[in-house]
Amino acid sequence: MAGYQGELAALSAAFLWAVAALLFEQIGRRVHSLEINLLKGIIASILFGITLAVIGGFGTQIPLPFLLLLIASGALGIGVGDTAYFETLQCLGVRRSLLLSVLAPPMAAILGLIFLQETLSLTSWLGIFITIAGVAWVISEQTPADSGRTCALRRGVIFGLVFALCQAGGGVISRHVFSQTTISPLESAFIRLLSGVAILIVWLAFRRQKVLTWAREKSAGRIFALLMTVSVFGTFIAIWLQQVSFKFTDVAVAQTLLATSPLFGLLISALRGEKTSLRAVLGAVIATLGISLLFEVF
């Protein structure tokens, strides 16, 4: 079992992200997406800061241009991207939101090709096509649950694409910084989270949006408990597991296993008694297969 710790870490992270999506969807019924993202970022930043202080992870010298790039990565991927993701959850639900997130790796591959001069093989292009086809096939399916959503399918898909693009862009920038500096993954995660928090504070101030209005409600204790839980397990521990997977297994295998969140989402939906069509199952499997081809796992 020890020889598969990287693979197990990736699958565990994918599972935690699927569970987190369910909890974030529930929180989003009472709390605005911007505020959810801000509170999640603050809690996770504190946890990463404590961890780095304990293990002595601070102190890596990083040139200012690369530090600014990392800050931009966090503002884009976490500040804007995660906010769009929480909006997607309210529009499309857990299952289809997780599936849209699978588009981030293909987008990152294309952005890497454009901006980092990375090459893509014919197999990788095939994987991109299959992933997009699988996602589009499932997203276009009309389900009874759509009538109960507070926003239209088109709005949800737009927010989902914004999320995937921001995640891809943030990832490509981070990868470039990693290739040019000696910064650790934990330090990078900490800086990116702080950057996301900073942009969200500015965003909320610009909108003059009040925060913590839900704290006066009877359900405030439950909402706060959910926020703490999902920030600890869905952000802090999941990101750490992601980094463990990158360290102990091939990056291509890790990326493919991390992309299995939609499959866990289907399992969670089934356990909740929700009806899942064969089309949804096949589409999720096809999209995951596309990711494995993109990273040439086979």
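Each value in this text was obtained by applying a stated rule to the coordinates, not by laboratory testing. Please read all numbers here as calculations on a predicted model, not as lab measurements. Quick reminder, even Gly has a Cβ in these numbers, built from the backbone with ideal geometry, and neighbours come from all protein chains shown.
Laid out as a table, the results:
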quantity: At most 12 other Cβ within 10 Å, DSSP loop - trypsin sites (Lys or Arg not before Pro), the range 172-223; calculated: R208, K210, K218
quantity: Inter-probe distance in nm under a simple model that places probes 7 Å from Cα toward Cβ, at Y4 and I114; calculated: 3.9
quantity: Using alpha carbons only: equivalent-ellipsoid semi-axes of the range 112-260, gyration tensor based, whole Å; calculated: 31, 25, 17
quantity: Orientation-averaged projected area, Cα convex hull of the range 193-298 (nm²); calculated: 10.2
quantity: Estimated inter-spin distance, V251 and T60, nm [label 7 Å along Cα→Cβ]; calculated: 1.4
quantity: Largest-first principal axis extents of the Cα set of the range 1-85 (Å); calculated: 42, 40, 22
quantity: Mean Kyte hydropathy of 1.6 or more with a Cα span along the axis of at least 18 Å, helices from DSSP in the chain; calculated: 33-55, 122-139, 278-294
quantity: Sparse-neighbour loop sites [GluC sites (Glu not before Pro); the range 1-61; at most 15 other C-beta within 10 Å; DSSP]; calculated: none
quantity: Additional length obtainable on full extension of the chain from S277 to R207, 0.36 nm per residue less Cα span; calculated: 21.2 nm
quantity: Centre separation in Å (Cα based) which lies between the range 235-269 and the range 88-125; calculated: 15
quantity: Calculated [θ] (222 nm, deg cm²/dmol) that DSSP helices of n ≥ 4 give over the chain, each run adding -39,500 (n - 2.57); calculated: -24000 deg cm²/dmol
quantity: Inter-probe distance in nm under a simple model that places probes 7 Å from Cα toward Cβ, at L267 and W214; calculated: 2.7
quantity: Cross-link reach list, lysines versus K210, counting only Cα pairs under 30 Å and skipping chain neighbours closer than eight places; calculated: K40, K218
